Amino acid sequence: MFKKRRKRNSDAMKFLGFYPDTVVARVRANPAPLRLPTLGQSLGVGAGGFGLVIMIVMAIAAVTDNLLKKYLGDKGGYAFNALLFILMAGGVFRRLVIAPAPVFRLYVLFAAAFFLYDAAWTAAYRPFRNVLGEWLGSLAGGTGLGLVFATVFDAPKQALKVILALCVTSSVGYFGGKFLHLYLPGIIGALVWGAAYGLGLGAGLGYALYTCQEPARQQLKALSAPGAKAPSPRPSASETSGRAGGMKS
C-alpha cells in the first residue's frame, strides 16, 4: 500500500513536468531557444526580482488597505495581495527555471510553494508570537520550500543544501530588514524591510532552483556533446505493469 502511495505521489510530481528526463524531452521537442540560467543569473534575478516585487506589493497594499478592507474585508484584502504577489513574483520565478517550460504549471508550482511556505511559517510562529517564533517560522518555511523543490525537480541529493540555503538566506533577509526597520520607522522602513526580505528569500530561491535543476542541466549538456545519443525515457507505470503481466503469462 505504501509503495503504491509513493508511486502515485511520484507520478503526480512528474506530471508537473520538471523531472530531468521530462525537461530533456521537452527541450528536444520544442524549437524554442534553450535558456539555462547560470548560478550568477539565478542569484541576481532571484534576489533583485523578489526584492522589487515584495516592495511593490507592500506599497500597493499600504495605499489600498482601507479600500480593500471596505469592499473585500480582511480576508479578501489578503487574498487580493496574495494573488498580486503570485502573478508578479511568478514571472520572476519563471526566469529561474530552464526554458522552455510549461507556464501554467510553473505558476501552479510557485503558488503551491508560496502557500506552503506561508502556512509553515505561520504554524511555527503562532504558538510563541515572539522572536523565537519568527526564527522557527523562518526555519519551517525554508525547510518546506526546500523539500518541495527537491521533490518536484527530482533532486533528493540536493535537498539538504537547498534547505540550508533557504533557511539562512530568508532569515538573513527577514531579520536584517527588521533591524533596519528600527532606524527607519513608518512606511519607508516597512518597504526597506520588505525589500531586504525579498533580497534574501529571492537569493535563496535562485540558489535552490539552480541546484535542484543540476541533474537536468547535466543531461542537457551531455545531450549537446558531439556524438551524444538521446537518453532513453523512463518507462511509464502502464508500460511497466504491461511488461510484468507479459512475463507472468
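Numbers at a glance
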| quantity | calculated |
| --- | --- |
| Environment charge at Val27 (Cβ cut-off 13 Å; Lys +1, Arg +1, Asp -1, Glu -1) | +4 |
| For Arg35, residues with placed amide H under 5 Å, excluding near neighbours | Ala99 |
| Additional length obtainable on full extension of the chain from Val103 to Ile60, 0.36 nm per residue less Cα span | 12.9 nm |
| P(r) histogram, all alpha-carbon pairs of region 35-218 included - 10 Å bins from 0, percent | 10, 36, 38, 14, 2, 0 |
| Relative packing of 104-114, 206-216, 41-51, which averages over residues the other C-beta atoms within 10 Å, highest first | 206-216, 41-51, 104-114 |
| HN-Hα J in Hz across region 191-202 - Karplus 6.51, -1.76, 1.60, θ = phi - 60°, x for Gly and Pro | 5, 5, 4, x, 5, 5, 4, x, 4, x, 5, x |
| Calculated FRET value between Lys75 and Arg35, using beta carbons and R₀ = 25 Å, to 0.05 | 0.10 |
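Just so you know, all these numbers are worked out from the coordinates, no wet-lab data involved. In this text the structure is predicted, and so the values were computed from the model without any measurement. We place every Cβ from the backbone using ideal geometry, glycine too, and count neighbours over all the protein chains shown.
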